[in-house]
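For reference, the structure discussed in these notes is given below.
The values are calculated or read from the model by the stated rules, or taken from the named source; none is laboratory data. Remember, it's a predicted structure, so these values are computed and weren't measured experimentally. Every residue, glycine as well, gets a Cβ built from its backbone with ideal geometry; the counts of neighbours run over all protein chains shown.
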Ligand SMILES: [Zn+2]
């Protein structure tokens, strides 16, 4: 196996030089949720490599061979989870918590990486705010904005948007897509300038949970940066923020961090939740040792069902499902991907080239087993299967 050329040898979060690679995979699709119209296009999709490394100095995890030129975010990027009632309930609670905690009423909220803009829509409505969203996949036609509160900029957030006004800066599920994370946070800090009242609110996946679950489906090309509570807070302090709060949310799958600009270097005492380097180190070692046999077990299970004439489908056409099948590479042992998002249905997933179908199609497919990518949706999906009269075994991964 030829080694790809590293794009970094120092930690992009803290600058330390002791990055240790603990998870490698070659030739993975460079995008997981770019919806493709044909199987041919899906199979021939551009690929890149993973060399996932741990920084023992700050706890940050990064893909050392990430190549930003392989990224092509656009409006066909379908990241929205806004079709799930469970996810919507969480987003509403989070918006309300932030509004209540920081009195976000009648303010201007800037969301960096707003996706289709559904969270921005929520926070502007709930708090009677104005919203500005910046994202290459932003789609105003997907918003419900009768009062014209929201402005969308269809672009990546860069220095040229530093002048956009903001009382509150929100950034959800975006920083994990940024490779030079310290540079990015420094840019956000610079844009805020001398407006100390600005509130900065981020949300992103918790790498501790990914490691503990051996959640290889959460490790994919688009995610070049992985944070723990500690590494996230340390990055914020290092780049000129005061950390107000760090929490685990959504069954510990996500982290939220609340911060404000600081004028003194490395301000504030670390919170207890940040003391995590020892635990992370142990989790990284366990991931490296325990993942390969776990992958073999998944492959065996899928092949056995297939060999016995049964069908398996994977519920969740988003990045988790796409990464699951692309990592296992079991060919036609997976018949279809299922997703409730109508914008995904009829499209093909990058890499494996499997079609994404609506739940209703399971009536004809009659799967033996439905592999559920996110256990948090267990009740929701079981209810869908019951409604359709699909008598399949539902297996959360
Ligand atoms: Zn580091």
Q | Residue list for the range 4-23, restricted to those being in contact with a strand residue (DSSP E or B) (Cβ under 8 Å, 6 or more places away or on another chain), at pLDDT below 95 and more than 16 Å from the ligand (Cβ to nearest atom) | A | 4
Q.
Every residue in the range 119-142 that is out of contact with any strand residue (DSSP E or B) (no Cβ under 6 Å at 6 or more places or on another chain), within 20 Å of residue 161 (Cβ to Cβ) and surrounded by fewer than 21 Cβ atoms within 10 Å (Cβ to Cβ), please.
A. 136, 139
Q: Of the conditions (1) touching a strand residue (DSSP E or B) at 6+ places or on another chain (Cβ under 6 Å); (2) free of Cβ contacts under 8 Å to residues at least 12 places away in the same chain, residue 297 clears all except one; give me its number.
A: (1)
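Each row is one residue, and each column tells you yes or no for (1) out of contact with any strand residue (DSSP E or B) (no Cβ under 9 Å at 6 or more places or on another chain); (2) buried (at least 20 other Cβ atoms within 10 Å of the Cβ).
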| position | (1), (2) |
| --- | --- |
| 186 | yes, no |
| 189 | no, no |
| 212 | yes, no |
| 224 | no, yes |
| 230 | no, yes |
| 256 | no, yes |
Q) On the given criteria, is residue 59 in contact with a helix residue (DSSP H, G or I) (Cβ under 6 Å, 6 or more places away or on another chain) and either away from the ligand (no atom under 16 Å from the Cβ) or under 20 Å from residue 175 (Cα atoms) (or both)? A) yes
Q: Scan the range 57-74 for residues that are closer than 18 Å to residue 6 by Cα and touching a residue at least 40 places away in the same chain (Cβ under 8 Å) and jot them down.
A: 60, 61, 62, 63, 64, 65, 66, 67, 68, 70, 71
Q | Pairs, first more than 14 Å from residue 61 (Cα to Cα) and without any contact (Cβ under 8 Å) to a residue 24 or more places away in the chain in the range 4-15, second assigned to a loop (DSSP other than H, G, I, E, B) and more than 7 Å from the ligand (Cβ to nearest atom), C-beta under 8 Å, six or more apart | A | none
Q.
Show me the helices (runs of 4 or more DSSP H) found entirely inside the range 295-397 where at least 1 residues are over 19 Å from the mean Cα position of the chain (by Cα) and surrounded by fewer than 16 Cβ atoms within 10 Å (Cβ to Cβ).
A. 362-365, 378-388
Q) So, of the residues in the range 155-189 that are in contact with a helix residue (DSSP H, G or I) (Cβ under 8 Å, 6 or more places away or on another chain) and farther than 25 Å from residue 121 by Cβ, which turns out to be modelled with the lowest pLDDT? A) 159
Q: Return a yes/no flag: does the range 39-47 have any residue that is buried (at least 23 other Cβ atoms within 10 Å of the Cβ), in a strand (DSSP E or B) and more than 16 Å from the ligand (Cβ to nearest atom).
A: no
**Q.** Residue check, residue 116 buried (at least 20 other Cβ atoms within 10 Å of the Cβ) and free of Cβ contacts under 8 Å to residues at least 60 places away in the same chain
**A.** yes
